[in-house]
Amino acid sequence: MKIRIHSFETLGAHDGPGLRTVVFFQGCPIKCLYCHNPDMICTKGGKEYSINEVVEFCEKFRVYHGEDGGITLSGGEPLMQAEGALKLIRALKKEGFHVCIDTSGAVKLSDTVKEVLNEVDIVLFDIKHTDADKYFELTSQPITNMIAMLEYLKTTQKAFYARQVIVPTLTDSIEQVKKFKELAKGAERVELLPYHTLGVNKWQKLGMEYKLKNIPSATQELMKKLNLV
Amino acid sequence: MQEKNTTQIWEEFKGTKWKTNVDVREFIVKNYEPYKGGHEFLVGPSQKTAILRDKFLELLVEEKKRGGVYNLDADRVISVMSHPAGYMDKENEVIVGFQTDEPLKRGLNPFGGIKMAREGAEAYGYKVGELVEEQFKYATTHNCGVFKAYTPEMKKLRKNGVITGLPDAYGRGRIIGDYRRLALYGADKLLIDKKREKDELGGHMTNEKIRLREELQGQIDFLSKLKDMAKLYGYDISNPATNAKEAIQWTYFAYLGSIKESNGAAMSLGRVSTFFDIYIERDIKNGTLTEESAQELIDQFVLKLRMARHLRTPAYNDLFAGDPTWVTEAIGGMGLDGRTMVTKTSFRFMHTLYNLETAPEPNMTVLWSNNLPEKFKLYCAKVSHDTSSIQYENDDLMRGIFTDDYGIACCVSAMTLGKQMQYFGARCNIAKLLLLCLNGGKDELTGEQILPEIPDYKVMLKEDGTLDFKKVQKHFLKSVDYLCEQYVNTMNIIHYMHDKYAYENVQMSFHDAKVERLMAFGIAGISVLADSLSAIKFAKVTPKTDEKGIVVDYAVDGDFPTFGNDDNKVDKIAQEVVEYFYNSLKKTPCHRDATHTLSLLTITSNVVYGKLTGNTPCGRKLGQPFAPGANPYHNREKHGAVASLNSVAKLSYEFCRDGISNTFSISPQSLGKEEKTVFSNIATLLDGYFKNGGFHLNVNMHKKEELQKAHEAPKEYPNLTVRVSGYAVRFGVLSSKHREEVLDRTFF
């Protein structure tokens, strides 16, 4: 069984608790307007790795994880390769790693996906938008998969962090953030992530049109204000 | 003040052996109190300190206005007794003593070479006085001696930038006197000891015995002069210090005498904070000192250290940019008995970065151990986050070799205090050596024959015209052998002459007579070399020649792994070259039976070396700086910071006992959102790196955008400090080229 990996980041400090090794899966079912990893959307890119290779890679960084850190599967959308992800998680757990998965929830809640969610330690759950229409505009996918997965996390009382990227004009209204926090009830943590423009170049490099060209990064003041909501 | 005799002064201290024989370590171990708490007890600067600090900051501005040198006394030679007492603001100075009669006024030290002294003076608009010129017409300097003995082969290697930065025209430095001895024992007991050591050298007079007898007499003379110097400031240092203030003042006098007599590149301090802590805590317990006055003593001591100055030439500044003095102080670490050596004064010392504002000196070096108290770890992380002024070195690696009483000279050079000294040997340009080898020993830039004539790249090709790794490796290692032999012999000449003509009497008087000598060699450009060899091994590299047949560039076809990604394919190449190099050095014996050591450290010479090195097979272009120290080449790290750290950590300290420098730039946001998280992540990162065998880490925590702004308008960021390569500098003091190099580095 091979999994398609875009890349690794060996110093992850924003992807779950502590310092983490982040495995970026290639391929994503949704196409967010602000995606900062557009090079990970296409399912054909990246490189194939065996489960063993990835575990061996992670092993080299275990000593940096300290008491709280571990491995985070991110992407792309790791649940798009749910079977591979599940095998990897089991292998990592067997070696004693703390494992998080970073997902947008935009995949069908299959049995395999459920198993993945059951087996990881924490789910980093990205709620792109709370409004069905806006969600579709932003991601070109219906909101239903995300809602179903969120419900599943809540009913199974899974430890999860709810996260939302704050994009000026799209998700930065107080009302929207309120709804997000309402929806996120039950989360261990609620995180608002400031939108930044660092990914814009990647779109250009890929020859793709970036639709949010004129939208500035979220300012510190804005984040402060919304964090108080 | 001196009613007490030595026995009375020592009465309250535990231990017996150190009272008969000079043994500062035993005194510390028997008397210090480990501290595992946090930094809450620290206090701000006293009024006196604040006044002095502000005056100092004004002087710094003026010094910069005057082109980098505030004042120079070019009319006399600086030495221990050359100048009357100097003060900045006598009333407010709790710790006293300057190198000359005025703060920041530099002295003229021509013992390394009168030419350098002259160039230094002239560069800043001064002229060496007639009397000095007259005296040095008849004196042999270190530099004269060396050039009388150099062979033509050595001169070629030196001139073409293969071995550069050699201490053949300036003071070698890297010697740490155990300055604490003066405070613990007083000058008189040390004098008696030195006389005994000299008397013991009787019988058949070998060269070495004669030399040592002469040196010991020099030490005795200079110890006496040190007593006279202290008298100028109203202190009698014959007897041991009786309290914290005296202990700090005596120690400072010992250091001050050293920097008056010698102007070595790195004049490091050693490991004083825990030693001071014993006196401070005793005085606090006795009710004769408060936390405020204890902090005042440390602040003012550190302020004095920040004002140490030497006269340098512009060429020197290229190699050692930013006017560093390397007053390196080793802080923390663990004792051999398992107790931490962190004390409250470890905190007080680091706290000067807040009380006196951020500054590069003294070069604070935290000896990191996995077992350090958690609260100290977090405090270090906070100080790094706030000031970028700390470097970290692996105590768990060093303690077993150097005991728990070692200091760090310069950036990464460990030595047991009072027991070991170093013969500093700068470094060789190993990337250029590869290019010389491919060109049959000819310089790739000038075409000049530098190495003896050897077969060139034509014998190292495969049938398809690309370089054959095995063949290149074989010829390259032969070149390493040639270079190493020349390098050791060159160093032997340099240090023979330095011992003879620029001996460090004061510093050596604070060592045992039977000192162990370490001869420190160095490699610059290891990541460029490793990547270049990796390109030859894993991609197809075709040499491109100019009309004279010199290889000036390379066509590279295909991918190859690069150092800094935790990929054994290339990391192993670096490891093996270092091991081979070290073993090759050892084939040639050193002056005075010194032990060979090796460092992967560049200071800031990575910029100069880059200038002197043509295109390399890894894709680096002619003139582009190397990465500093053992760092992976800029922006070739693809898996993030930790993979980069792992590659460097694989380079073995076993072969690099003089240190492996790694300079790390990370934006605080990369380590988390809240400060608390950032601090604990820094501590976790350091724990991981050192557990994995990493040796040294300079931690810079700036945003790249902030540095970019400071590069464009350095005046607006006068105190912005960056760690460059084993030491820190004020960013604005660096040349524009050096600032650009700092900005080109990988920012995680």
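For A:K179, are the conditions met, namely being more than 14 Å from the chain's Cα centre (by Cα) and either within 24 Å of B:K673 (Cβ to Cβ) or in a strand (DSSP E or B) (or both)?
Numbers: more than 14 Å from the chain's Cα centre (by Cα): yes; either within 24 Å of B:K673 (Cβ to Cβ) or in a strand (DSSP E or B) (or both): yes.
In short, yes.
Only one of (1) at pLDDT 95 or above; (2) surrounded by 21 or more Cβ atoms within 10 Å (Cβ to Cβ) is not met by A:E83, so which one is it?
Failed condition: (2).
Conditions first: (1) on the phi < 0 side of the Ramachandran plot; (2) assigned to a loop (DSSP other than H, G, I, E, B). A:D39 passes all but one, so which condition is the exception?
For A:D39, the failing item is (2).
Identify, from the list A:I89, A:I143, the residue that is of a type outside the set (G, A, S) and either over 19 Å from the mean Cα position of the chain (by Cα) or over 20 Å from A:G12 (Cα atoms) (or both).
Numbers: A:I89 fails: either over 19 Å from the mean Cα position of the chain (by Cα) or over 20 Å from A:G12 (Cα atoms) (or both).
Matching residue, one of A:I89, A:I143: A:I143.
Name the single residue, out of those in the range B:679-725 being in contact with a Phe, Trp or Tyr (Cβ under 9 Å, 6 or more places away or on another chain), of a type in the set (D, E, K, R) and part of a helix (DSSP H, G or I), that is nearest to the other protein chains (Cβ to nearest Cβ).
Across the range B:679-725, the extreme among qualifying residues is B:K691.
Out of B:D23, B:D89, B:D75, I need the residue that is among the acidic types (D, E), touching a residue at least 40 places away in the same chain (Cβ under 8 Å) and touching a helix residue (DSSP H, G or I) at 6+ places or on another chain (Cβ under 8 Å). Which one? First the steps, then the outcome.
Details: B:D23 fails: touching a residue at least 40 places away in the same chain (Cβ under 8 Å); B:D89 fails: touching a residue at least 40 places away in the same chain (Cβ under 8 Å).
The unique qualifying residue is B:D75.
Tell me, which residue of the range B:561-600 that is among the aliphatic types (A, V, I, L, M) and more than 15 Å from B:L529 (Cβ to Cβ) is farthest from the chain's Cα centre (by Cα)?
Of everything passing the filter in the range B:561-600, B:L585 is farthest from the chain's Cα centre (by Cα).
Would you call B:K189 surrounded by fewer than 24 Cβ atoms within 10 Å (Cβ to Cβ), in contact with a helix residue (DSSP H, G or I) (Cβ under 6 Å, 6 or more places away or on another chain) and assigned to a helix (DSSP H, G or I)?
Here the answer is no, as B:K189 does not meet what is asked.
Could you list all residues from the range A:1-55 that are farther than 17 Å from B:G640 by Cβ and either within 11 Å of chain B (Cβ to nearest Cβ) or among the charged types (D, E, K, R) (or both)?
A:K2, A:R4, A:P17, A:K31, A:K44, A:E48, A:E53
For the range B:380-403, what are the residues that are aromatic (F, W, Y) and touching a residue at least 60 places away in the same chain (Cβ under 8 Å)?
If the condition is that a residue be aromatic (F, W, Y) and touching a residue at least 60 places away in the same chain (Cβ under 8 Å), then B:Y392 is the only one that fits.
So the check is Cβ under 7 Å with 6+ separation or different chains; which pairs have a first residue in the range B:724-748 that's within 16 Å of B:S667 (Cα to Cα) and a second one that's among the polar types (S, T, N, Q) and at pLDDT below 90?
Going by the 7 Å Cβ cut-off, the qualifying pairs are B:V724/B:T604.
Determine, yes or no, whether B:P314 is more than 26 Å from B:N31 (Cβ to Cβ) and crowded, with 24+ Cβ neighbours inside 10 Å.
no
Among the residues of the range B:335-384 satisfying the criterion of being of a type in the set (A, V, I, L, M, F, W, C) and part of a loop (DSSP other than H, G, I, E, B), which is surrounded by the fewest Cβ atoms within 10 Å (Cβ to Cβ)?
Ranking the candidates gives B:L336 first.
I want to confirm something. Restricting to the range B:430-480 and keeping residues that are of a type in the set (S, T, Y) and assigned to a loop (DSSP other than H, G, I, E, B), which single residue is surrounded by the most Cβ atoms within 10 Å (Cβ to Cβ)?
Out of the qualifying residues, it is B:T466.
Return the only residue of B:R118, B:R76, B:R172, B:R106 being assigned to a loop (DSSP other than H, G, I, E, B), at pLDDT 95 or above and of a type outside the set (S, T, N, Q). Break it down stepwise before answering.
Working: B:R118 fails: assigned to a loop (DSSP other than H, G, I, E, B); B:R76 fails: assigned to a loop (DSSP other than H, G, I, E, B); B:R106 fails: assigned to a loop (DSSP other than H, G, I, E, B).
Checking each option against the conditions leaves just B:R172.
Scan the range B:629-652 residue by residue and report those that are within 25 Å of B:Y609 (Cα to Cα), surrounded by 24 or more Cβ atoms within 10 Å (Cβ to Cβ) and within 14 Å of chain A (Cβ to nearest Cβ).
If the condition is that a residue be within 25 Å of B:Y609 (Cα to Cα), surrounded by 24 or more Cβ atoms within 10 Å (Cβ to Cβ) and within 14 Å of chain A (Cβ to nearest Cβ), then B:P632, B:S644, B:L645, B:S647, B:V648, B:A649 are the ones that fit.
With the requirement that a residue be out of contact with any Asp or Glu (no Cβ under 7 Å at 6 or more places or on another chain) and either of a type in the set (K, R) or away from chain A (no Cβ under 11 Å) (or both), what does the range B:653-673 give you?
Hits for the range B:653-673 are B:Y653, B:E654, B:C656, B:R657, B:D658, B:G659, B:I660, B:S661, B:N662, B:T663, B:S665, B:K673.
The values are calculated or read from the model by the stated rules, or taken from the named source; none is laboratory data. Just so you know, these numbers come straight off a predicted model, no measurement behind them. Because the Cβ atoms are built from the backbone with ideal geometry, glycine has one as well, and the counts that use them run over all protein chains shown.
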